[in-house]
Each structure stands twice: as structure tokens, then as C-alpha cells.
Amino acid sequence: MKKAIFTLAIGDNPMYKAALESFKIYADKVGADLIISDQLHYKINIENPLYSASPAWPEKLFTAEILKNYDRVLYLDADILVTPHARNIFDEYQDLDTVYMFDEGQHLDRNLPISQISAALGKVDGWNKVNGQLSYYNFGMFLISKPCKLFELATLDGMQKVCNHVKFYDQTYVNYIIQKHKISNQCVAPEFNRMEFLGQEGYKKADFIHYAGRGYRIKCPSREIRYVDDYCQLYSDNVSAEEKRQMKLDAWNLFTKNLAKKSYIPQIILNLIGKPTIGRKWL
């Protein structure tokens with residue numbers, strides 16, 4: 001059975017570089033090809049959106065093209081870190097008609113985006129509930145196989161209809177398609193999409209760590225700095241001292257570059273002040 005791991009990584013974010021290295025190692029481990037989108041295949045018109053909305057989000061629709069040549073596809077956001085001890089998710093979840101994702105609706109209130117897309121596209125009767133909570137999957141990681149029809153039914157035109165006024169438009173739209181068309185779905189173990197809202201304790205023991213949102217950045221200047229630091233710890237045997245130093249410096253420089261834009265303080269000044277103080281722990 002032909003397997004692929006698919007991700008989107010545009011730009012030179014140091015977090016992406018580390019992520020891709022962890023994906024490559026995992027792809028070799030599970031016998032999959034790694035497919036990286038470094039350019040957009042879909043054009044969506046985002047204009048005065050009510051919520052944060054990226055033109056890159058529809059890129060996950062490219063999964064439909066990949067499934068023409070592969071039997072199974074694992075999609076991972078580029079802010080996910082696959083740990084060295086990660087289990088083979090293709091072995092853990094084997095039903096080919098089912099899409100596997102993590103149901104964050106059991107932990108977070110997602111009634112607002114569900115109500116918004118229902119108003120836009122029509123109410124879905126019998127939206128699945130688990131323990132009284134509406135099911136709502138996180139779209140940062142999914143495992144899908146050729147027989148599953150999700151990406152035959154999910155379209156760019158559908159996303160266009162909701163992208164400017166529905167929160168988390170791509171994620172909410174895919175959840176809507178799953179529920180409307182009763183596509184077979186199953187929640188994966190949280191270890192395969194371990195996010196910060198599940199708690200910080202023991203998160204590095206997970207299979208896939210997802211640095212979504214603030215990304216475990218408590219007592220850390222940025223999620224990129226946290227990600228790179230975790231990567232260097234978990235893959236200490238694979239990364240040289242010089243590579244660690246450079247990766248950490250790149251993450252730090254991205255942090256001060258972004259801070260300079262917000263504060264109007266020159267980056268050189270922020271580095272001069274920050275490196276001997278805050279940066280001392282992370283560089």
C-alpha cells in the first residue's frame with residue numbers, strides 16, 4: 001500500500017525547517033513518501049474577513065490530487081513536531097473508509113463556528129455529539145485513504161463561500177462536509193495531535209506535538225523558540241552542536257524581527273538587550 005505524508009511549508013520559518021526534518025525521519029520509519037507544498041495551488045479571495053483567515057488554508061484540498069497516486073495520506077501542519085518515538089499511525093488506524101482526526105470539540109467550545117457555517121450553508125440534521133458536546137475536528141492533522149470521499153466533496157468553491165465570515169473557515173468547512181455527508185470519521189488518540197490546551201505536563205511523550213496557537217510558549221518568548229528548543233532536545237543525537245546553535249539563533253532572530261515590527265524598536269537594539277537576558281536561556 002502506497003503511503004504519503006503531506007505538508008505545507010512556505011517561507012523560511014526555522015520551525016518549518018525542524019518540522020520537515022522530523023517528518024523526513026518519520027516518513028523513512030513508516031515507509032512513506034514525504035510531499036511538501038512550497039507554493040499555493042488554489043486561489044481564494046479573502047476580503048475584509050471577520051476573523052483571522054489565511055489564503056494558504058485551502059492548500060489541504062491538494063490531498064485530493066495526492067490520493068490519485070497514493071492509497072493513504074497523512075497530512076501534518078508544519079507547526080507539528082513528530083517525536084522520535086512516534087508510533088506508526090498507519091498501523092494504528094487502518095480502516096480505509098474512515099478519516100482520522102482529533103476531536104477538539106470535546107475540549108473546546110466550537111458552537112460559534114458551527115452555528116456560523118450552518119447559517120451560511122444550511123443546518124445539518126444530526127450533527128454528531130460526544131458526551132453532549134458537538135463534534136469538531138482539528139484540521140492540523142488528518143489521516144485519510146483513497147476510498148474516503150471527503151476531498152471529493154470538499155471544494156475550493158465551498159471554502160470561498162465561508163472564508164470571510166466563518167471562524168477557522170477551512171477547518172469548520174471540512175467539519176461541516178463530514179457531518180452533512182455522514183463521512184465515516186474517528187477521533188485519534190490525543191497523543192497524535194497533542195495541543196497545549198490538553199496541558200503541558202508530559203507533552204513531549206506524545207507522538208505528534210502540535211504547537212498551534214501559543215504553542216507551549218509559557219515562560220518562553222515565542223512558539224518558534226519553544227519548538228526549536230524541543231526539537232534539539234528530542235533529536236539531540238541527530239543534530240550537531242553547530243546546527244543546534246544556528247537553529248536556535250534563527251528562531252531568536254525571527255522573534256526579535258517580529259517584536260521590532262510591533263514595538264518600533266530596532267531589531268539590533270532588541271538583540272543587544274535581549275540576548276544577555278531573556279535569550280541567555282534559549283540561545
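The values are calculated or read from the model by the stated rules, or taken from the named source; none is laboratory data. Owing to the predicted nature of the structure, the values given are computational and were not obtained by experimental measurement. Here the Cβ is made from the backbone with ideal geometry for all residues, glycine too, and neighbour counts use every protein chain on show. Accessible surface areas use protein heavy atoms only, side chains included; no ligands, DNA or RNA. Shrake-Rupley method; radii C 1.70, N 1.55, O 1.52, S 1.80 Å.
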>> Can you tell me the convex hull volume per residue for the range 1-41, based on C-alpha atoms, in Å³ to the nearest whole number?
In response: 50 Å³
> Of F142, T256, L34, which is farthest along the charge dipole of the chain in the positive direction, counting Lys and Arg as +1 and Asp and Glu as -1 at C-beta?
Replying inline: T256
> Put +1 on the Cβ of every Lys and Arg and -1 on every Asp and Glu Cβ in the range 1-119; which of I117, N45, F23 then has its Cα farthest towards the positive end of the dipole?
Replying inline: F23
>> As I understand it, the value is the acute angle between the Cα axis of helix 111-121 and the longest principal axis of the Cα atoms of the chain; what does it come to in degrees, rounded to 10?
In response: 50 degrees
> Could you state the number of Å between the C-alpha centres of the range 145-187 and the range 93-144?
Replying inline: 10 Å
> Rounded to the nearest 20 Debye, what is the dipole magnitude of the chain about its Cα centre when Lys and Arg each give +1 and Asp and Glu each give -1 at the C-beta?
Replying inline: 740 debye
> If you put +1 on each Lys and Arg Cβ and -1 on each Asp and Glu Cβ, how big is the dipole of the range 125-178 around its Cα centre, in Debye rounded to 20?
Replying inline: 100 debye
> If the convex hull of the alpha-carbon atoms of the range 37-96 is projected onto planes in all directions, what is the mean projected area in square nanometres?
Replying inline: 6.2 nm²
> In debye, nearest 20: dipole of the range 165-275 around its Cα centre with unit charges on the Cβ of K, R (+) and D, E (-)?
Replying inline: 500 debye
> Taking only Cα atoms, what is the 0 to 90° angle, nearest 10, from helix 14-30's long axis to the longest principal axis of the chain?
Replying inline: 60 degrees
>> Students sometimes get this wrong: rank E243, E224 by accessible area, probe 1.4 Å, all chains present, largest first.
In response: E243, E224
> Across 5 Å bins from the origin, how do the percents of Cα pairs in the chain run, short distances first?
Replying inline: 1, 5, 12, 15, 18, 17, 14, 10, 6, 3, 1, 0
> Let a ≥ b ≥ c be the square roots of the eigenvalues of the Cα gyration tensor of the range 133-198; is it rounded (a/c under 1.5), or, if not, prolate (a/b larger than b/c) or oblate?
Replying inline: oblate
>> As I understand it, the value is the acute angle between the Cα axis of helix 241-263 and the longest principal axis of the Cα atoms of the chain; what does it come to in degrees, rounded to 10?
In response: 80 degrees
>> Heavy atoms only, 1.4 Å probe, whole protein assembly: order K248, K146 by accessible area, highest first.
In response: K146, K248
>> Kirkwood hydrodynamic radius, the range 56-128, all distinct C-alpha pairs: what's the number in Å?
In response: 15.6 Å
> Which of the listed residues, G202, C187, V99, is farthest toward the dipole's positive end in the range 96-227, when Lys, Arg count +1 and Asp, Glu count -1 at the beta-carbon?
Replying inline: G202
>> Please list H181, H107 from largest to smallest accessible area, probe radius 1.4 Å, with all protein chains kept in place.
In response: H107, H181
> Using a basic spin-label model with each label point 7 Å from the Cα along Cα→Cβ, how many nm lie between S184 and E65?
Replying inline: 2.8 nm
